[in-house]
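Notes for the one structure printed next.
Just so it is clear, none of the values below were taken in a lab; they were calculated from the coordinates. Only a predicted model underlies this, so the values are computations on that prediction, with no experimental measurement involved. Virtual Cβ from ideal backbone geometry, glycine too; neighbours counted across all protein chains shown.
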Protein chains: 2
Amino acid sequence: MLQPVSPPKVRDAQATKARLLRAATEEFAAHGIAGARIDRIEAKAKANRALIYSYFGNKDQLFDAVMDANVARVLDEVPFAPEDLPGYAGRLFDFLVANPHLLRLATWHRLERADNGHEPQGLRDSVRMKMAALARAQAGHRLASTFTPEDLYAFTMALASAWMPASPYAPATLSEEQLEARRSAVVEAVRRLTTPTRPRGVTRPKRATAPSA
Amino acid sequence: MLQPVSPPKVRDAQATKARLLRAATEEFAAHGIAGARIDRIEAKAKANRALIYSYFGNKDQLFDAVMDANVARVLDEVPFAPEDLPGYAGRLFDFLVANPHLLRLATWHRLERADNGHEPQGLRDSVRMKMAALARAQAGHRLASTFTPEDLYAFTMALASAWMPASPYAPATLSEEQLEARRSAVVEAVRRLTTPTRPRGVTRPKRATAPSA
DNA sequence: ATCAGCCAAATAAACAGTTATATGGTACGC
DNA sequence: GCGTACCATATAACTGTTTATTTGGCTGAT
């Protein structure tokens with residue numbers, strides 16, 4: 001994916017840095033930190049490996065730089081809407097469909113880096129602001145208070161990405177219609193989390209007695 | 001975690017194999033395939049590394065064996081209930097809380113192995129049966145048909161594990177009450193996906209505002 | 001005395017990170 | 001305009017270590 005990577009024309013540290021970051025994003029998304037290979041990044045970026053060390057430090061720090069850049073992109077491109085979580089979920093879904101490698105990248109981060117305080121820049125603050133916005137929306141009764149802001153956010157993220165990775169049972173490629181169907185299922189699912197509950201217990205006729213098997 | 005790993009007493013291939021599998025589960029869950037180290041597995045299992053190769057083949061095949069064993073465990077210990085998905089989600093949640101490393105293991109599998117047809121044994125069939133069961137429950141009106149079986153399953157899994165990994169914003173350790181609160185949030189969320197939709201648009205006013213955070 | 005179970009040591013390949021050197025651009029004295 | 005000293009940018013070759021995997025022999029149970 002994303003092969004072209006315009007060849008180095010003249011000396012331009014900024015452009016070289018960008019090529020390295022881009023190549024590293026691909027490589028880390030595909031193989032994670034432990035599985036990534038410096039020489040492949042070097043080759044894909046058409047830049048020398050020593051530059052990686054002078055510009056970024058080492059492999060881990062390169063990964064952090066990649067995360068920072070991409071988190072910034074997501075925060076920038078997917079605007080949050082505390083009072084329209086279903087819409088937010090839809091946009092997140094679209095973004096992930098358009099950038100499938102970013103979910104992988106985030107997952108690698110969780111598995112390999114998130115343990116010892118290597119949060120991407122700005123993420124923590126961004127999440128805090130989202131939580132506060134959700135709480136405000138709930139206080140103003142513009143959003144159902146059935147779930148805590150944290151629950152709502154976690155569930156929205158989970159649902160938006162539920163269909164993303166190559167699932168163990170789903171085909172890797174989807175037709176346009178299938179994609180649209182899944183998108184609206186996600187949006188509807190989130191809608192159901194943000195809609196006020198009706199009187200409990202009176203769950204309408206036809207109640208299923210749930211046997212467990 | 002799980003250090004003891006009873007020392008090798010007498011010669012017992014079966015027991016040695018089990019120790020290796022157990023140690024490999026820990027190691028792979030912690031570091032993935034690329035990050036796992038044979039010598040650490042050797043040390044943790046108190047068995048010689050050559051045995052890994054004679055029993056399992058190589059690193060990748062050892063990982064497959066680990067996956068097979070653990071998938072079998074999950075399928076065995078978390079019974080599926082097509083007509084009680086909220087309950088299933090709750091049990092899944094409990095299982096994941098009790099075995100946090102298994103979600104990591106599954107995630108590593110998706111990232112590192114799922115690409116080229118290395119499905120764990122029995123998983124595909126199990127999922128097929130679950131889909132069929134959900135479809136039957138829907139046909140018999142014992143389960144809302146708002147979502148396809150695939151959507152329902154994907155969402156249930158996503159919600160049950162939404163809170164599992166060290167989230168970017170949540171503390172790694174939870175009090176007993178927090179855990180219980182999250183569990184019931186998950187169950188309630190799934191309940192909302194499985195409840196028939198009421199007439200659209202008429203979203204009843206003023207329902208109980210639950211305190212948040 | 002055979003054979004599965006087990007092991008220490010060897011091997012070869014792969015890898016991250018470094019070093020010593022080259023090259024293009026540019027500011028400035030003249 | 002012209003040379004030249006200087007620095008950021010770039011590179012190829014190398015180093016020391018780590019790693020998966022193999023080999024060949026030892027051990028104890030039957």
Task: Shielding score for B:142-154, defined as the mean number of other chain Cβ atoms within 10 Å - done: 4
Task: For A:Met129, label point 7 Å along C-beta direction: distances to other copies, nm - done: 5.0
Task: Karplus (6.51, -1.76, 1.60) ³J(HN,Hα), θ = phi - 60°, over the range B:33-38, in Hz, Gly and Pro reported as x - done: 6, 4, x, 5, 10, 4
Task: Per-copy distances of the A:Ser184 label point, shortest first, in nm (7 angstrom along Cα→Cβ) - done: 3.6
Task: Inter-copy separations for B:Gly140, label at 7 Å along Cα-Cβ, nm, ascending - done: 4.8
Task: ³J(HN,Hα) computed for each position of the range A:78-88 - Karplus, 6.51 cos²θ - 1.76 cosθ + 1.60, integer Hz, glycine/proline x - done: 10, x, 8, 9, x, 9, 9, 4, x, x, 4
TODO: Calculate the mean, over all residues of peptide A:108-115, of how many other protein chain Cβ atoms lie within 10 angstrom of the residue's Cβ.
DONE: 5
Open item on the list: Could you give each residue of the range A:52-58 its phi-based ³J(HN,Hα) in whole Hz, using Karplus coefficients 6.51, -1.76, 1.60 with θ = phi - 60°, and x for Gly or Pro?
Closed with: 4, 6, 6, 7, 10, x, 8
- [ ] For a footprinting-style exposure proxy, rank B:Ser145, A:Ser145 by other Cβ within 10 Å, fewest first.
- [x] B:Ser145, A:Ser145
Open item on the list: Could you give the length gained by full extension between B:Glu177 and B:His118, i.e. 0.36 nm per residue of separation minus their alpha carbon distance, to one decimal place?
Closed with: 17.3 nm
TODO: For B:Lys130, list the aspartates and glutamates whose Cα falls under 19 Å from its own Cα; do not include residues on the same chain fewer than 8 positions away.
DONE: B:Asp68, B:Asp76, B:Glu77, B:Glu83, B:Asp84, B:Glu119, B:Glu150, B:Asp151
